[in-house]
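To start, the structure itself, in structure tokens.
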Amino acid sequence: MICFISPTASSFHSDNEHSVRTASFFRRYSNKKATIAPPKVAIVFFPSVFLQEKRNNHSKICIFAAQKNLSMAIRIQNITKHYGAQKALNKVSLEINTGEIVGLLGPNGAGKSTMMKIITCFLPPSEGSVSVNGFDIFENSEEVRRSVGYLPEHNPLYHDMYVREYLEFVAGVYKLKNKSSRIEKMIELTGLELEQHKKIGALSKGYRQRVGLAQAMIHDPQVLILDEPTSGLDPNQLIEIRKLIANIGKEKTVILSTHIMQEVEAMCDRIIIIDRGEIVADDRSENIVAMTSSADVVIVEFDHNVDKSQLKKIKGVTNVTKINEKKWKLHAGKNSDVRSDLFQFAVENNLKVLEMSKEEASLESVFQQLTKKK
Ligand code: ADP
Ligand code: MG
């Protein structure tokens, strides 16, 4: 339940500038439309627990939410994007909760960057609406930009600028009051201490990516949109940047795009697979793997030759593929584990099992299944 209570009559008159400001403040924290009920009290109800209390000169606002981390950060409703005759996004809707780290996965050309450009107000959708922290991308685009940090694909930076000089420039664009403390904080957070006086053009790709992350976070946005933040990094840089993003994700809502399956599996709470402008899967990563119709596979090697027909009779086995006379690949139905029956089969037939291993369905196979050309 949320109570929005003002001790003063003046703060809730709908024609009063303060009431409008209070209402937008309220909207920002609750993601609900404020109902202003003059003259004294406005109360909006929804199921929740107490979250925090805010005060200003005129009013006291008690903010409640279902759970601290479950208020809405991004709401996308039915967006379509046309580039001329091409439809890059087709009626996409989704909601992202505060504090989630969401992986946007999809093949090249799926529409990931387009969606990110729309959320960050770089491109308008042809149809549909988007709000970030309760602010609409058309009506409150300045507020949206303030709430969002964006690392675009290919990380466009001024290569002739020095790292610190560039961060000062970005801080100036946001008109930050605490400019120097924010720059210090970003340099520390992204590990740029030793590179801060170097030209951006002289940095390695991993360090340029850190500069990109530092500029995206300098205004302390609540939402971070990272378009392929790890593409082109070497394995060491990849690990470092992933760690950095996971660290940042503890405090912020993050959407990152990638086509590396292991990356989303390792970093994200939730995975959205997008293909040809449409969402084809949206779930927690373990549930997405479970969605696959591809069955588990067991590889087994015996000390003697075995007949395919014998193996096919084992309970739960749906198909058998020969690797050689002694080594076989057994396909099992979804969620059925054939290993104990297989072992029993070996005992009954006086066979020694030299090797037995189970391959589980991977996120990669789900991705292939969901995005294969129809
Ligand atoms: P992704 O980031 O998933 O690779 P994009 O959002 O960049 O996909 O692109 C989606 C589709 O829209 C692609 O077919 C791409 O060629 C097309 N597209 C993207 N930007 C433009 C543009 N500015 N003009 C024309 N077509 C575009
Ligand atoms: Mg892209």
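When only DSSP loop residues count, what trypsin sites (Lys or Arg not before Pro) in the stretch 204-300 have their Cβ near at most 11 other Cβ atoms within 10 Å?
On the way: sites: Lys205, Arg208, Arg210, Arg242, Lys243, Lys250, Lys252, Arg270, Arg276, Arg284; in loops: Lys250, Lys252, Arg276.
Taking the stretch 204-300 and a limit of 11 other Cβ atoms within 10 Å, the loop trypsin sites (Lys or Arg not before Pro) found are Lys250.
Relative contact order for the stretch 294-371 using alpha-carbon pairs under 8 Å, separation at least 6, rounded to a whole percent?
Averaging sequence separation for qualifying contacts and normalising by length gives 42 percent for the stretch 294-371.
Given the pairs Lys252/Lys372; Lys117/Lys179; Lys81/Lys250; Lys179/Lys199; Lys112/Lys205; Lys177/Lys198, which span a C-alpha to C-alpha distance of over 30 angstrom in this model?
Lys252/Lys372; Lys81/Lys250
Run through all the Cα pairs of the stretch 294-371 and give the fraction in each 5 Å bin from 0, expressed as whole percent.
Computed distribution, short to long bins: 3, 16, 28, 25, 13, 8, 5, 2, 0.
Given the peptides 72-80, 186-194, arrange them by the average over their residues of other C-beta atoms within 10 Å, most packed first.
72-80, 186-194
Taking other Cβ within 10 Å of each residue's Cβ, how do Glu153, Glu228 sort, fewest first?
Ranking Glu153, Glu228 by Cβ neighbours within 10 Å, fewest first, gives Glu153, Glu228.
No lab work stands behind these numbers, since they all come straight from the coordinates. The shown structure was predicted, so the numbers you read here are calculated from the model rather than taken from an experiment. Note: ideal-geometry Cβ built from the backbone for every residue, glycine included; neighbour counts use all protein chains shown.
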